[in-house]
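S.K.: Got a structure for you, questions after.
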Amino acid sequence: MPLLFEMYVERDSPIHRLDPRVKLLWFLCVMICAAIVNSALPASIVLLWIIGVAAVARVPLKRLLLLAQALVYMIVVCVLMWPLFVRSGSVLFKWDWLVVTNNGVLVGIGIGFRIASMILASAVVFMTTTQKELLESLRTIKIPEHFVFASVLALRYIPSLMGEWNAIAEAEACRSPSRGRGPLATIRKVFAMRSHAIPIMHRTAKMTSELSLALDSKGFNPEKRPTPYIELTTRNSDRAFAAVSILFVAVYVALRFLLMPQQMWIEIY
Amino acid sequence: MENAVEIRGLSFKYEDTEASVLNDVNLKVREGEFLGIMGPTGAGKTTLCLCVTGLIPHTVSGQLAGEVIVVGKKTSEHTLYDFVPQGVGMVFQDPESQLFGLDVEEDVVFALEYENLPRTEIRKRLQWALNVVRLDGFEERFPYFLSGGQKQRVAIASVLASRPKILVLDEPTSELDPIGKGEVFRAIDEVRRTFQCTIIVVEHDTENLVRFADRLVVMNKGRIVLEGTPGEIFRHGSEVQKLGVKAPQVTDLGYLIHEHRMNEWAEYGTPLTIEEARDRLLRVLEKRNTPFGTHAAQHRTLEARKDEPIVETKDLWHIYGMGTDREIAALKGIDLVIYPNDFVAFIGQNGSGKTTLAKHFNGLLKPSKGSVLVSGRDTKTASVSELSGAVGYCFQNPDHQIFNTTVYDEIAYGPRNLKLSKDQLHDRILEALRAVGLEGYEKLNPLFLGKGERQKVAVASILAMHPKLLIVDEPTTGMDWRTLTTMMNLIKNLNESGMAVVFITHNMEIVAEYAKRVIVLFDGRVVLDGPTSQVFSQTDLLMKALITPPQITQLAQMLKSYFSPSTITVRDACEHLRLLSRGGTNHAAVI
């Protein structure tokens, strides 16, 4: 699908074949690990773990790099900003009020990697799982049907509404005054969008009323639980992957709270 | 045979309307019958469909009187789930709003999941339904990216999967191009042959309908006014025409023969298909022993023009997604000139580049290569607003271009930016309203008008900007014949008053009737450009561009030895027959 919001990349990889629910579990594990550490080394291990999974999944490097580009900025900002606030540890550099400690650098890198981990992990899940599988797994883990079905409709109608919006914007441009060039023009353009409200609401209302008729005519019954057509099966590889993920979290929790809390989490003050 | 549907004394009024939409409708549909419903917009056709599916009274509320019995059950005495989806399934007009799944498969299995069928059965039905509509292998496609015809076939498959006893289709092809229309009708026919279900179709496209329907009913103002086989219905020419129902062109020829009392051709009668028409004409011609003639086509050629062109394109290329790995060349080196007073039709299949080309004329799209000059000005250096004084663009769907809550404000929206005095502005608005025949509508809310009237408001709002060239993108899609002719006559009047017009359409009858010049696009190139009759006589090139000329032209081409290849309207054909019967065979009317 040539769309920005559809990130799925078709590949035949062990990660693609995983039960989507296991991938959601893995995502949860990654989140926990990233949330409980703030030092550079443990955070980088989490990041490596994600990159490893991405490599096995053979998600295209080009797309990952596109994301990484944005991530690098974020990491750089973290590395530059955090040392300004961290006061603990030995002083590496001092100039007037500006004090940079070794802990500051570690936390800066650690937090940068944490954010990167969270974004990359969700990217890996979306790149290796179709929207349909994701929604079906939400169904099986007993997320209410209203919510799942509303998500299906939302995803389905994004491109339709974008199409409608473009048509409206073009029609408006044909009869609107010249908005000139430069930053003021952009503001004028944004301001002019208020006139799109009438047609877009009119179109959406029309589409939804037709949609509700179509749904009813197909026997849609919100009280009823449909037989899911896709069968999600859990195989040994799924169980193994889940076990490794849980073990990883267990180790991190143990290290963070029992064995070596100082190395995993650096106190700021 | 049992009745699949039985309607007795049915009247219905929506909650928010004042008048009844259906008035005392009585109708029986036999099991396995193919019934066509016709009639002008607002006749109550869709409401009748909703009553048959049980959506009225179960989903749509209002006042219902009389009874509707579907598959032996009275709709008002059962729940909706007693009818849908196994009893009766419905396909709606807009393919966009009835496909709500993330892929084709999800749409087709949707109802089956709610029927709680076992998974293996669901899979079997999915394959079967897709096979009937010839979309095998489309399971994982995203509905939004399918063509209109494909979308509508998915919609049919998604209803068919539940194996309904009755299939109701409400204007399933009115938003489709000719290829899409053909696909959908073939699919309906296939359903009928492989799976004996009752079919009820609401349709404006008579030419397709008469080929398949066993029986037709014509509705007007909430009542059934005519009922019978297609042959019976179209025998009453004047009645059908009065109701705004378009007869097939070959039938129209019969009406015209009758009207002009050309008794020597009376045997022609009122055929419904081209083949029938050909056979009947041949019978008369052979009986009269009319000698073959030679018909060198005589055409007006495009005169060399010296006046200043409005639009001029030079080696115009347009490439979508330039610089990405998904480059698509939509226009490939177009050279053409539009002069003042031109009345041009752009024709071609979907994706041939018609709209892309037209959008270059007012700067909505800029050339990837080559240039477009509008009144001598390069569009690359001008914004859409700067060009809007010279070229007005009216979009296909009026709903996309109505931004205000009164007709007056709507029409004032464009010219307000032109720095006119208050009086000038007011004059322009009144003038535009007069041109489209909507005087007195100033204070109404355009959103509550009918589609034809909204389309007129859209045209008026462009007219008020006084463009030299008016572009109208598919002005007649989904309109009944009466609304459609009103719209086209309006455009014709504008052209006669001196405005150049470019219109994009799939309706070849309209092209033949109105356009002075036709430009045929295929795969991003202009394959034909010339006077209408000349373009339509180039059968081979048209075929290559996947265009079917109007029925009457096809008939003339089948009878090449008698007809001039430049016969493009029913009037031409009738005139020709008159000449033939006078013994003249070498008349090739210059058109």
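Read the figures in this text as sums done on the coordinates, not as results from a lab. Only a predicted model underlies this, so the values are computations on that prediction, with no experimental measurement involved. We place every Cβ from the backbone using ideal geometry, glycine too, and count neighbours over all the protein chains shown.
S.K.: Of B:492/B:544; B:366/B:516; A:206/B:422; A:218/B:181; B:151/B:369; A:142/B:165, which ones are farther than 31 Å apart at the Cα?
M.R.: Where the Cα-Cα span goes over 31 Å, the pairs concerned are A:206/B:422; B:151/B:369; A:142/B:165.
S.K.: Sticking with this structure for a sec: Out of A:151, A:169, A:186, whose Cα points farthest toward the positive end of the dipole of segment A:144-217 (charges: +1 Lys, Arg; -1 Asp, Glu; placed on Cβ)?
M.R.: Highest projection toward the positive end goes to A:186.
S.K.: Can you give me the long-range amide H partners of residue B:30? Hydrogens built in the peptide plane at 1.01 Å from N, cutoff under 5 Å, separation of 5 or more residues or another chain.
M.R.: Under 5 Å from the amide H of residue B:30 lie the amide H atoms of B:4, each far enough along the sequence or on another chain.
S.K.: Extension gain residue B:275-residue B:443, at 0.36 nm per residue separation less the Cα-Cα distance, in nm?
M.R.: Length difference between fully extended and current span is 55.3 nm.
S.K.: When B:400, B:260 are ordered from fewest to most other Cβ atoms inside 10 Å of their Cβ, what list results?
M.R.: Sorted ascending by nearby Cβ count, the order is B:260, B:400.
S.K.: Here is a follow-up. Please give the net charge around residue B:94, taking every other residue with its beta carbon less than 14 angstrom from that of residue B:94, where Lys and Arg add +1 and Asp and Glu add -1.
M.R.: -3
S.K.: I want the antiparallel fraction of DSSP beta bridges within segment B:3-235, as a percent rounded to 5.
M.R.: 55
S.K.: Over all residues in A:226-233, what is the mean tally of Cβ atoms on other chains that come within 10 Å of each residue's Cβ?
M.R.: What the average comes to for A:226-233 is 5.
S.K.: Can you work out ³J(HN,Hα) from phi for every residue in segment B:116-131, in order, using Karplus 6.51 cos²θ - 1.76 cosθ + 1.60 and θ = phi - 60°, giving whole Hz and x for Gly and Pro?
M.R.: Running phi through 6.51 cos²θ - 1.76 cosθ + 1.60 with θ = phi - 60° gives 6, 6, x, 4, 5, 5, 4, 5, 4, 5, 4, 4, 4, 5, 5, 5 Hz.
S.K.: For each of B:278, A:175, B:326, count neighbouring Cβ atoms within 10 Å of the residue's Cβ, then give the residues from fewest to most.
M.R.: Ascending Cβ contact count within 10 Å gives the list B:326, B:278, A:175.
S.K.: In a solvent-free Debye calculation with one equal scatterer on each Cα, what is log10 I(q)/I(0) for the protein assembly as shown at q = 0.10 Å⁻¹, listed in the order of the q values?
M.R.: The Debye formula, applied to the Cα set alone, gives -1.22.
S.K.: Ok, one more. In a shell of Cβ-Cβ distance under 15 Å around residue B:63, excluding residue B:63 itself, what net charge do Lys and Arg (+1) and Asp and Glu (-1) give?
M.R.: Net charge in that neighbourhood comes out at -4.
S.K.: Shifting gears a bit: Taking the DSSP beta bridges in chain B as the whole, what percent of them are antiparallel, to the nearest 5?
M.R.: Taking every DSSP beta bridge within chain B, about 55 percent pair in antiparallel fashion.
S.K.: Please state the charge dipole magnitude for segment B:125-247, taken about the Cα centre, from unit charges on C-beta atoms (+1 on K and R, -1 on D and E), reported in debye and rounded to the nearest 20.
M.R.: That gives a dipole near 280 debye.
S.K.: Highest mean first, what order results for B:154-162, B:229-237 on Cβ atoms within 10 Å?
M.R.: B:154-162, B:229-237
S.K.: Oh, and also: In peptide B:353-366, what is the residue-averaged number of other protein chain Cβ atoms found within 10 Å of each Cβ?
M.R.: Average per residue, whole number: 1.
S.K.: If amide H atoms are built 1.01 Å from N in the plane of the peptide, which residues on other chains or at least 5 residues away come under 5 Å of the amide H of residue B:316?
M.R.: Result for residue B:316 returns B:333, B:334, B:335, B:371.
S.K.: Follow-up. What is the antiparallel percent of DSSP beta bridges lying wholly in the protein assembly as shown, to the nearest 5?
M.R.: 60
S.K.: Using the basic label-point model (7 angstrom from Cα toward the beta carbon), what is the residue A:63 to residue B:421 distance in nanometres?
M.R.: 6.3
S.K.: Quick check: pseudo-label points 7 Å beyond the Cα along Cα→Cβ at residue A:189 and residue A:12, how many nm apart are they?
M.R.: It works out to 4.5 nm between the two label points.
S.K.: If you don't mind, another one. Let me have the 222 nm mean residue ellipticity of chain B computed from DSSP H runs of 4+ only, each contributing -39500 (n - 2.57), with the sum over all residues rounded to the nearest 500.
M.R.: The per-residue figure over chain B is -10500 deg cm²/dmol.
S.K.: Same structure again: Please list A:200-212, B:345-357 highest first by mean number of surrounding beta-carbon atoms within 10 Å per residue.
M.R.: Most protected by this proxy first, the peptides run B:345-357, A:200-212.
S.K.: Name the long-range amide H neighbours of residue B:39: under 5 Å, sequence gap of 5 or more, or other chain; modelled H, no Pro or chain starts.
M.R.: Those lying under 5 Å, H to H, from residue B:39 are B:219.
S.K.: Averaged over its residues, how many other protein chain Cβ atoms are within 10 Å of peptide A:198-207's Cβ atoms?
M.R.: 4
S.K.: Same structure again: Short version: ³J(HN,Hα) in whole Hz for each residue of segment B:135-141, in order, from phi by Karplus 6.51 cos²θ - 1.76 cosθ + 1.60 (θ = phi - 60°), x for Gly and Pro, what are they?
M.R.: Along segment B:135-141, the couplings run 10, 4, x, 8, 3, 9, 7 Hz.
S.K.: Please list, in order along segment A:202-214, the HN-Hα scalar couplings obtained from phi with the Karplus expression 6.51 cos²θ - 1.76 cosθ + 1.60 (θ = phi - 60°), rounded to whole Hz, x for Gly and Pro.
M.R.: For segment A:202-214, the Karplus-derived couplings read 4, 5, 5, 4, 5, 4, 5, 5, 5, 4, 5, 5, 4 Hz, x marking Gly and Pro.
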